[in-house]
Amino acid sequence: MSASASVFAQSFFHGTRASLKPGDLIAVGHASNFTEAQALSWVYFSATLDAAIWGAELAAGSGHGRIYVVEPTGPFADDPNLTGKRFPGNPTLSYRSRDPLRIIGEVTNWQGHSPEEVRKMKEGLARLAREGRDKIID
């Protein structure tokens, strides 16, 4: 593989309901997509389209889910909310950064999960909230 091809060897995604455009930045200081928590000091993203689809489907707010192809503008690390709590290792390839994510495109043709899968996931998240186990490690 040539050096120029290796630049494009990894894609990153961010699922949300926010309407954004290429060049926009997703920055720290906003509430989570999933809770009414205080403003977060990290931005979250994934190298798997499936994790971004979940982000788009489960995000709070109105409007349809969107998935953006993003580019980290600084260093990033594994997301401990998933890698340490729910999935050993990092099978979802979920990350977080204190630096903004630059939107470089939007995935417009994606297949969401079945209504049954979304319902089960929302029930599981509601159970975690009832049990007080829905805290974001920020």
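When you look at Leu82, is it within 23 Å of Asp134 (Cα to Cα), buried (at least 16 other Cβ atoms within 10 Å of the Cβ) and in contact with a strand residue (DSSP E or B) (Cβ under 9 Å, 6 or more places away or on another chain), yes or no?
yes
For region 37-81, which residues satisfy the criterion of being within 13 Å of the chain's Cα centre (by Cα) and aromatic (Phe, Trp, Tyr)?
Trp42, Tyr44, Phe45, Trp54, Tyr68
Within region 1-24, restricting attention to residues that are at pLDDT 95 or above and farther than 13 Å from Val107 by Cα, which residue is farthest from the chain's Cα centre (by Cα)?
Per the stated criteria, the residue is Gly23.
Given the residues Ala126, Ala31, Ala77, Ala39, which is the only one that is aliphatic (A, V, I, L, M), in contact with a His (Cβ under 7 Å, 6 or more places away or on another chain) and free of Cβ contacts under 8 Å to residues at least 40 places away in the same chain?
Ala39
Scan region 119-138 for residues that are in a loop (DSSP other than H, G, I, E, B) and surrounded by 12 or more Cβ atoms within 10 Å (Cβ to Cβ) and report the count.
4
Select from region 54-65 the residues that are at pLDDT 90 or above and in contact with a strand residue (DSSP E or B) (Cβ under 6 Å, 6 or more places away or on another chain) and write down the one among them that is surrounded by the most Cβ atoms within 10 Å (Cβ to Cβ).
Here the answer is Gly55.
Restricting attention to region 85-103, and to residues there that are assigned to a loop (DSSP other than H, G, I, E, B) and among the hydrophobic types (A, V, I, L, M, F, W, C), which single residue is surrounded by the most Cβ atoms within 10 Å (Cβ to Cβ)?
Leu93
Can you tell me which condition Tyr44 does not meet? The list is (1) aromatic (Phe, Trp, Tyr); (2) part of a loop (DSSP other than H, G, I, E, B); (3) modelled with pLDDT of 85 or more, and all the others hold.
(2)
Looking at region 110-138, which of its residues are aliphatic (A, V, I, L, M) and within 21 Å of Ala31 (Cα to Cα)?
Met121, Leu125, Ala126, Leu128, Ala129, Ile136, Ile137
Tell me the residue from Glu106, Glu116, Glu71 that is modelled with pLDDT of 95 or more, surrounded by fewer than 12 Cβ atoms within 10 Å (Cβ to Cβ) and either part of a helix (DSSP H, G or I) or not aliphatic (A, V, I, L, M) (or both), please.
Step by step, each of Glu106, Glu116, Glu71 is checked, and only Glu116 is modelled with pLDDT of 95 or more, surrounded by fewer than 12 Cβ atoms within 10 Å (Cβ to Cβ) and either part of a helix (DSSP H, G or I) or not aliphatic (A, V, I, L, M) (or both).
The values are calculated or read from the model by the stated rules, or taken from the named source; none is laboratory data. What you are looking at is a predicted structure, and each value in this text was computed from that prediction instead of being measured. Quick reminder, even Gly has a Cβ in these numbers, built from the backbone with ideal geometry, and neighbours come from all protein chains shown.
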